[in-house]
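What follows is a set of notes on a single structure, which appears directly below.
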Amino acid sequence: MRIDCVLEPCSIVGEGPFWDVGQQCLWWVDIPAGKVHRFDPAHGENRSRDFGEVAGCLAATADGKLVVAGRNGIFRFDFETGEKTLIVDPEPDLPKNRFNDGATDCKGRFWAGTMREGGGPVPEGTIYRLDPDGTCTAWFSEIFTPNGLAFSADGKRMYFSDSNPAVRTIWVCDYDSETGTPSNRRVFFDTRAVEGRPDGGTVDAEGCYWMAGVGGWQLVRYTPDGTIDRIIDMPAERPTKIMFGGPDLDTLYVTSFGIEKTPGTEDRQPCAGGLFAITGLGVRGVAQTPFAG
């Protein structure tokens, strides 16, 4: 196994990586900077575009554009021109909320969760499902910091988490991919048993769930029954989200925080805020389905 910093620190809070199988590139965001990035690993090139507001998460679309969830709703976004068009704003009555984490299911629905900007004393976030026809439905409420959204390769499981220090729990639901309906929500893993809190997540082709352990210098791989299978030490204190990519889906990309380093650790994490690539894991990921809308 090898961990490389493939993009030097350039983000405040790097987040939301999505591997675009069609374009063979990694889309990702810098949340507070409001930037959408396109990383081309074949050439080591990273291009950026201002989104015009906080950008929480994204996904590629079936027509080569992007869907981006920000402070003021979910938008279609043309990376080449910078044009964005509002699809839906599900929380016009909550101006202090913004979108955070998101993922698509195998049918091209886009799931994304909101949170109070900067955190808050009460759980004001909600996880929504955006259907290809633009219908937006609320599913899970009373979330502090929604994270970890991912779907198993067979489309039968949905994962999500809450990163708040008082919660730091990952849940799993049974998932009907034909109707987009989760059920039987239950605790998958209480991350008080590991160093890091649950941030972004993904799944691999063997049915395991991967968690970025923010604040814990680690990534954790769990078997489907919630058993720790592997812990990978990272050269950054706050890895934020993980995504398998590359032609064979066998490179694990990791975004990270560039700020909020624990005093005295700066020399240990010179690449914090950069983009990491892990190779030699012996595991492949699952191709991400573009948003079908």
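The values are calculated or read from the model by the stated rules, or taken from the named source; none is laboratory data. These numbers come from a predicted model, not from an experiment. Every residue, glycine as well, gets a Cβ built from its backbone with ideal geometry; the counts of neighbours run over all protein chains shown. The accessibility values were calculated without ligands, DNA or RNA, using every heavy atom of the protein model including side chains. Shrake-Rupley method; radii C 1.70, N 1.55, O 1.52, S 1.80 Å.
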Open item on the list: Please go through the range 141-179 and give me each residue that is surrounded by 22 or more Cβ atoms within 10 Å (Cβ to Cβ) and among the charged types (D, E, K, R), ordered by number.
Closed with: Asp162, Arg168
- [ ] State whether one or more residues within the range 187-204 are open to solvent by 10 Å² or more (accessible area, probe 1.4 Å), more than 24 Å from Thr262 (Cβ to Cβ) and in a loop (DSSP other than H, G, I, E, B).
- [x] no
- [ ] Scan the range 51-65 residue by residue and report those that are under 19 Å from the mean Cα position of the chain (by Cα), farther than 15 Å from Glu15 by Cβ and not small (Gly, Ala, Ser).
- [x] Thr61, Lys65
Open item on the list: Can you find a residue that is farther than 19 Å from Val286 by Cα, part of a loop (DSSP other than H, G, I, E, B), open to solvent by less than 20 Å² (accessible area, probe 1.4 Å) and in contact with a strand residue (DSSP E or B) (Cβ under 6 Å, 6 or more places away or on another chain) anywhere in the range 26-40?
Closed with: yes
Open item on the list: I'm told Ala138 meets every condition in (1) of a type outside the set (Asp, Glu); (2) open to solvent by less than 40 Å² (accessible area, probe 1.4 Å); (3) assigned to a strand (DSSP E or B) except one. Can you identify the failing condition by its number?
Closed with: (2)
Open item on the list: When you check Glu142 against the structure, is it among the charged types (D, E, K, R), over 18 Å from the mean Cα position of the chain (by Cα) and under 24 Å from Ala59 (Cβ atoms), yes or no?
Closed with: no
Open item on the list: Please go through the range 248-263 and give me each residue that is among the β-branched types (Val, Ile, Thr) and in contact with an Asp or Glu (Cβ under 9 Å, 6 or more places away or on another chain), ordered by number.
Closed with: Thr255, Thr262
Open item on the list: Just to confirm my filter: which strands (runs of 3 or more DSSP E) fall fully inside the range 231-293 and include at least 2 residues that are closer than 19 Å to Phe151 by Cβ and either of a type outside the set (D, E, K, R) or open to solvent by 40 Å² or more (accessible area, probe 1.4 Å) (or both)?
Closed with: 239-245, 251-256
Task: Restricting the range 109-135 to residues that are among the β-branched types (Val, Ile, Thr) and at pLDDT 95 or above, the residue that is surrounded by the most Cβ atoms within 10 Å (Cβ to Cβ) - done: Thr114
Open item on the list: Looking for something out of contact with any strand residue (DSSP E or B) (no Cβ under 6 Å at 6 or more places or on another chain), touching a residue at least 12 places away in the same chain (Cβ under 8 Å) and hydrophobic (A, V, I, L, M, F, W, C) - is there at least one such residue anywhere in the range 260-273?
Closed with: no
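Each row is one residue, and each column tells you yes or no for (1) at pLDDT 95 or above; (2) more than 14 Å from Gly108 (Cα to Cα); (3) hydroxyl-bearing (Ser, Thr, Tyr).
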| site | (1), (2), (3) |
| --- | --- |
| Ser141 | yes, yes, yes |
| Phe144 | yes, yes, no |
| Ala150 | yes, no, no |
| Lys156 | yes, yes, no |
| Tyr159 | yes, yes, yes |
| Pro165 | yes, yes, no |
| Asp174 | yes, yes, no |
| Pro182 | yes, yes, no |
TODO: Find the residue count for the range 2-17, including only residues that are of a type in the set (A, V, I, L, M, F, W, C) and either at positive phi or in contact with a Leu (Cβ under 6 Å, 6 or more places away or on another chain) (or both).
DONE: 2
